[in-house]
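So the structure is just underneath, and the comments pick up after that.
Every read-out reported here was derived from the displayed coordinates using simple, explicitly stated rules and does not represent laboratory data. Just so you know, these numbers come straight off a predicted model, no measurement behind them. Neighbour counts are summed over all protein chains in view; Cβ atoms, including those assigned to glycine, are modelled from backbone coordinates with ideal geometry.
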Amino acid sequence: MTTTVTAYAATSATDPLTKTTIERRDVGPHDVAFDIAFAGICHSDLHTVREEWGNVTFPLVPGHEIAGVVTEVGSEVTKYKVGDRVGVGCFVDSCRECDNCRAGEEQYCTNPGMVGTYNGRGRDGKPTQGGYSQAIVVDENYVLRIPDSIPLDKAAPLLCAGITTYSPLRHWNAGPGKRVAVIGLGGLGHLAVKLAVAMGAEVAVLSQSLKKMEDGLRLGASEYYATSDPDTFKRLRGSFDLIINTVSANLDMASYLGLLNLDGTLVELGMPENPMPVPAGALIFGRKSISGSLIGGIRETQEMLDFCAEHDVTPEIEVIEASYVNEAYERMLASDVRYRFVIDNSTL
Ligand code: NAP
Ligand code: ZN
Ligand code: ZN
């Protein structure tokens, strides 16, 4: 037996998303079922449904920034009860046995990998479907608790954009005395600015233009530069200890690596469709590193949510009706969102 719920799904890489219904599994002993109140729209949703990262199984319901309220728990669930405010991020299961799972880095599960919230395959062998839907059933170990002070609509984007930026900022010790640059002021970028500032770092935004400068400074950045101005790259040569790249398109890596100080690191969070060449000299001169980072584990995601509650860090959002999703995708592609679209799932 299953439950039928309304959802928005992509039926091909080129057609708009449309309203449909999907089945949710019955609540198993370790499962939590919840009604989804809000779902954020991540650029990864768009990359995925347009098959920019490879073939997917259609119909596909995107959405991995999910917040809602528990409606039912399985007989052996201990962490949650009906009425709890909860969230789910980018994955809903993993092997739980490999070294990375045991270390709480489930996103790097090697056996064979985490089960994506959508476009994955659950233990029942069925395709997983994401948050652009009325309800979801997830094992309690992959569910997060949303602190009381964070409204559900603002909590949703923290489940992907929040943890994706929090994790590398922590890993590379963003804090007092560190100069951090954030490339791209979008969903991830604006949270990277807020989080790095809350951690005590000095933050600069590198955006394509100065259009969003007022916002960037209000979010806590102390500097803001346009990357369309070639002078920016001369002026900021060797300025940063850490650069967080959130851009969803290809950039000229050599120019940005030039902005790092000795031993500096550029962390790639954006995942554009095509490879980006890196000239060896751009790394060798200045002993620089280029790295990447994938979301964060369950334990760290909870830590991030609690940190956001404590430091009053929440995303700037534009709440939309579900039927607006295709326009929202186009606006996101045009960098015309301040700064995260969030679907009000009661409009599904
Ligand atoms: P987003 O809201 O669309 O933000 C991307 C920003 O990049 C834009 O706001 C824009 O900032 C800048 N940008 C876009 N096109 C550009 C271009 N052609 N040249 C230079 N800058 C450009 O997207 P998002 O949801 O934050 O996601 C960003 C990327 O991170 C996506 O590739 C997504 O798949 C990836 N992602 C990765 C992870 C992970 O675990 N690593 C998790 C989530 C998302 P300005 O207007 O300020 O220039
Ligand atoms: Zn995402
Ligand atoms: Zn594993």
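Structure summary
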read-out	value
Shape category assigned to segment 1-126 from the gyration tensor of Cα positions, a/c cut at 1.5	oblate
Candidate lysines for bridging to Lys288, where Cα separation is under 22 Å - those fewer than 8 sequence places away on the same chain excluded	Lys178, Lys234
Residues listed by number, segment 122-154, amide nitrogen under 14 Å from Thr6 label point at 7 Å toward C-beta	132-135
Cross-link partners of Lys126 among lysines (Cα-Cα below 28 Å; sequence separation of 8 or more within a chain)	Lys19, Lys79, Lys81
With Cα atoms, 0 to 90° folded angle of helix 187-198 axis to the chain main axis	70 degrees
Inter-label distance, nm, simple model (7 Å from Cα along the C-beta direction), Asp252/Ser291	2.7 nm
Rounded, prolate or oblate (a/c below 1.5 giving rounded, otherwise prolate when a/b exceeds b/c) for segment 166-304 by Cα gyration tensor	rounded
FRET efficiency estimate (nearest 0.05) - Cβ-Cβ, Ala13 to Val278, R0 30 angstrom	0.55
Lys, Arg +1 and Asp, Glu -1 on Cβ, resulting dipole of the chain about Cα centre, debye, nearest 20	700 debye
Nearest-20 debye value, segment 51-136 charge dipole, Cβ charges on Lys, Arg, Asp, Glu	240 debye
Cα gyration tensor, the chain - rounded (a/c under 1.5), prolate or oblate	prolate
Sites matching trypsin sites (Lys or Arg not before Pro) across segment 97-190 that sit in DSSP coil, with at most 15 neighbouring C-beta atoms within 10 Å	Arg123
Nearest 10 degrees, 0 to 90: helix 298-311 Cα axis against the chain principal axis	70 degrees
Loop-resident sites, segment 260-348, for trypsin sites (Lys or Arg not before Pro), counting at most 11 other Cβ within 10 Å (DSSP)	Arg287
Rounded to the nearest 20 debye, dipole of segment 223-304 from Cβ charges on Lys, Arg, Asp, Glu	260 debye
Where labels lie 7 Å past Cα in the beta-carbon direction, separation of Thr110 and Glu327 in nm	4.8 nm
Computed [θ] at 222 nm, deg cm²/dmol, the chain (DSSP H ≥ 4; -39,500 (n - 2.57); rounded to nearest 500)	-6000 deg cm²/dmol
GluC sites (Glu not before Pro) restricted to segment 60-117 and DSSP loop, no more than 12 other C-beta within 10 Å	Glu76, Glu97
Where chymotrypsin sites (Phe, Trp or Tyr not before Pro) in DSSP loops with at most 16 other Cβ within 10 Å are excluded, longest remaining stretch of the chain	54-284
Extension gain (nm, one decimal) between Asp231 and Glu76, 0.36 nm per residue minus Cα-Cα	49.7 nm
Centroid-to-centroid separation of segment 94-128 and segment 173-234 [C-alpha atoms, Å]	33 Å
